[in-house]
Amino acid sequence: MEKILEVKNLSVSFKTFFGEVEAVRDISFNVGKSETVAIVGESGCGKSVTANSIMQLLPMPPAFFKNGEIIFDGNNLLKKSDKEMQAIRGNEISMVFQDPMTSLNPTMKIGKQIVEGLVKHRKLSKEEARKKAIEMLNLVAVPQPEKRINQYPHEFSGGMRQRVMIALAMVSAPKLLIADEPTTALDVTVQAQILELMREIQQKLDMSIILITHDLGIVADMSDRVIVMYAGQIVEEGTTEEIFKNTKHPYTKKLLASVPRLDMSREEPLHSIEGTPPDLYIPPKGCSFYDRCDYALKVCKNHIPEFDNHSGTHQSRCWLNHPMAKVAEGSEA
């Protein structure tokens, strides 16, 4: 598959009063053309920092890149100037943020917010851009787009604001869409509509999607491949079927076990992952999941294994299934 994005050995930290926080630690992954890749994990695992690194939206300082490359269409985005990134953001790469009320400008009409991107990136006249904006609002199923284009964000419901955000992100037909928790705070019916909408537009525009979410139901429905992150690192990666049916990493297993099932009885308790993630001011030497893992070995405490390839598309970073586990465990005895 042709790769549209390659993230290579990316490490991102934040300078704080207490010291350096290593938010993302040496991650590598790629996204193919027209592919949907989901990045999952609990809050604070580095999902949004990764997304904002691709878009170059992190405040610098306190954030800084310690290492790595982000290759998009053959160019390293980390070497781009802010002016060069302005030509890429909203044009070749777009982002749907998790809170449309704070992402949309409350002082500007919806139409103006969509039109200004078309005028800047596509060099359309204001009248042509307005027609295109109405077409896009119609495409995302906003009723009476000719009327609603003149309304402000507060005049829209949460679901409609999210539709507007999708229209805004997709109006320039980007090659890559980053959707950061695109259905947060929406009811289940609206969630389903938004996801179906994204799928339809992806097919029409031949677009790639990075889907950032903690909702594994959405992942199962939308994604082609899944990347599981924990404490700023990738711990497992594979096709959606491999992650759900042939889970290897204990953290991924616990994530899946935490999802409520339709066949659960009222007496059966909801499963949760006991403990808390490690402090990334001082990241652990070994496996970050060591203190919360039911299968931890001695070697896990001080040593992180290389990725173990289970197939051409499936890999995990865990001593439990690693071919060198016995040798490494023996050295710890």
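Listing for the model above:
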| read-out | value |
| --- | --- |
| Candidates K132, K112, K126, filtered to the one that is closer than 22 Å to D206 by Cα, of a type outside the set (A, V, I, L, M, F, W, C) and free of Cβ contacts under 8 Å to residues at least 40 places away in the same chain | K132 |
| Some residue of segment 85-95 being in contact with a Gly (Cβ under 6 Å, 6 or more places away or on another chain) and under 29 Å from G159 (Cβ atoms) | yes |
| From M136, M60, M95, residue being over 23 Å from the mean Cα position of the chain (by Cα) and not aromatic (F, W, Y) | M136 |
| Residue count, segment 169-182 (criterion: free of Cβ contacts under 8 Å to residues at least 60 places away in the same chain and buried (at least 23 other Cβ atoms within 10 Å of the Cβ)) | 1 |
| Exclusive hit being out of contact with any strand residue (DSSP E or B) (no Cβ under 6 Å at 6 or more places or on another chain), in the same structural domain as T36 (by TED's automatic domain parsing) and farther than 18 Å from D215 by Cα, set E268, E306 | E268 |
| Some residue of segment 210-228 being of a type outside the set (A, V, I, L, M, F, W, C), assigned to a strand (DSSP E or B) and crowded, with 17+ Cβ neighbours inside 10 Å | yes |
| Restricting segment 164-209 to residues that are of a type in the set (D, E) and in a helix (DSSP H, G or I), the residue that is nearest to L139 (Cα to Cα) | E200 |
| Residue check, A173 farther than 18 Å from F29 by Cβ and touching a strand residue (DSSP E or B) at 6+ places or on another chain (Cβ under 6 Å) | no |
| Matching entry among Q151, Q144 (being touching a residue at least 12 places away in the same chain (Cβ under 8 Å), polar (S, T, N, Q) and either within 23 Å of V40 (Cα to Cα) or out of contact with any Gly (no Cβ under 8 Å at 6 or more places or on another chain) (or both)) | Q151 |
| Number of positions in segment 231-249 that are touching a residue at least 12 places away in the same chain (Cβ under 8 Å) and in contact with a helix residue (DSSP H, G or I) (Cβ under 7 Å, 6 or more places away or on another chain) | 6 |
| Hits in segment 216-245 - residues which are over 23 Å from M55 (Cα atoms) and of a type outside the set (A, V, I, L, M, F, W, C) | G217, D221, E236, G238, T239, T240, E241, E242, K245 |
| Pairs, first closer than 13 Å to I178 by Cα in segment 22-37, second small (G, A, S), C-beta under 9 Å, six or more apart | V31/S208; S34/S208; E35/S208; E35/S223; T36/S208; T36/S223; V37/S208; V37/S223 |
| Residue ID - surrounded by the fewest Cβ atoms within 10 Å (Cβ to Cβ), chosen from residues in segment 248-275 that are of a type in the set (D, E, K, R) and modelled with pLDDT of 85 or more | K253 |
| Flag for I114 being of a type in the set (V, I, T) and within 22 Å of E196 (Cβ to Cβ) | yes |
| Any hit, segment 79-90, residues being in contact with an Asp or Glu (Cβ under 7 Å, 6 or more places away or on another chain) and not assigned by TED's automatic domain parsing to the domain that holds P153 | no |
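The values are calculated or read from the model by the stated rules, or taken from the named source; none is laboratory data. Owing to the predicted nature of the structure, the values given are computational and were not obtained by experimental measurement. For neighbour counting, all protein chains shown are included, and Cβ atoms are generated from backbone atoms with ideal geometry for every residue, glycine included.
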